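Every number in this text was worked out from the coordinates using simple rules, so none of it is lab data. Predicted model only: the values in this text are computed from it and were never measured. A quick note on method: Cβ atoms are made from the backbone with ideal geometry, for glycine too, and the neighbour counts reach across all protein chains shown.
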Amino acid sequence: MRGLRLVVVAALAAFCFTVTAPKASAQVAVSVGVEPECPYGYYDAAPYGCAPSGYYGPEWFTGGVFVGAGPWFHGSDNFRGNVNNRFHPEHGYKGPMPNRGEKAEPSKRVDAAHFKGNEERDGRGHATGGKK
């Protein structure tokens with residue numbers, strides 16, 4: 001009888017703890033930041049800062065407007081574009097950077113005939129070969 005009483009008390013205690021326990025609700029939050037406004041495009045590696053004129057080749061632009069890199073780029077899987085990574089801070093560039101929200105200067109538009117890229121990239125942060 002004593003064993004049955006212990007089982008009943010233990011079951012009652014477990015029931016009370018279960019009833020009073022706070023309910024856990026699963027929360028899933030996805031946060032995608034707003035695309036920064038960079039006049040000549042974005043570096044294709046986090047933190048996706050603004051790249052200066054001359055970093056991206058002409059294939060990254062349509063009608064003088066930058067068409068993509070970083071997490072906002074949703075181009076075709078086979079997209080490849082040339083960059084001049086000497087304009088990347090991780091490669092030692094310390095020159096002027098455009099600020100977010102600035103407008104592109106017409107005099108600094110990419111000149112397709114004179115662009116000197118040194119790397120081919122896919123718009124998702126991966127070097128894909130090409131010029132070295």
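Assuming 0.36 nm per residue, please report the length gained on full extension of the stretch A127 to K103 beyond their Cα-Cα distance. Kindly include the intermediate steps, with their values, before the conclusion.
Working: separation 24, 0.36 × 24 = 8.64 nm, distance 2.81 nm.
Between A127 and K103, full extension yields an extra 5.8 nm.
If you take the charge dipole of the stretch 58-129 about its Cα centre, with +1 on Lys and Arg Cβ and -1 on Asp and Glu Cβ, which of G68, F115, G95 is farthest toward its positive end?
G95
At 0.36 nm per residue, and after removing the present C-alpha to C-alpha distance, how many nm does the segment from T62 to A113 gain when stretched out fully?
Details: separation 51, 0.36 × 51 = 18.36 nm, distance 1.55 nm.
My answer for the length gained is 16.8 nm.
Quick one: length gained pulling R86 to E37 fully straight, 0.36 nm per residue minus the C-alpha distance? Working shown, then result.
Numbers: separation 49, 0.36 × 49 = 17.64 nm, distance 2.20 nm.
Between R86 and E37, full extension yields an extra 15.4 nm.
What's the magnitude of the charge dipole for the stretch 58-129 around its Cα centre, counting Lys and Arg as +1 and Asp and Glu as -1 at the beta-carbon? Answer in Debye, nearest 20. Walk me through the numbers on the way to the answer.
Working: 10 positive and 9 negative charges, 46 e Å.
Using Cβ point charges on Lys, Arg, Asp and Glu, the stretch 58-129 gives about 220 debye.
Across the stretch 37-53, in residue order, what do the Karplus-derived ³J(HN,Hα) couplings come to in whole Hz, using 6.51 cos²θ - 1.76 cosθ + 1.60 with θ = phi - 60° and x for Gly and Pro?
9, 10, x, 10, x, 10, 4, 8, 9, 3, x, 6, x, 6, 8, x, 4
Rounded to whole Å and ordered largest first, report the semi-axes of the equivalent ellipsoid of the stretch 58-129 derived from its Cα gyration tensor (root of 5λ). Each step should come with its number before you reach the end.
Details: eigenvalues 72, 52, 38 Å².
So the three semi-axes of the stretch 58-129 are 19, 16, 14 Å.
Sorted from fewest to most neighbouring beta carbons within 10 Å, what does the list D77, D44, D111 look like? Display every interim value, and only then the final one.
Numbers: D77 7, D44 25, D111 10.
Ordered from fewest to most neighbouring Cβ atoms within 10 Å, D77, D44, D111 come out as D77, D111, D44.
Just rank C38, C50, fewest to most, by other beta-carbon atoms within 10 angstrom. Write down the numbers at each step before the final one.
On the way: C38 23, C50 19.
Starting with the residue having the fewest Cβ neighbours, the order is C50, C38.
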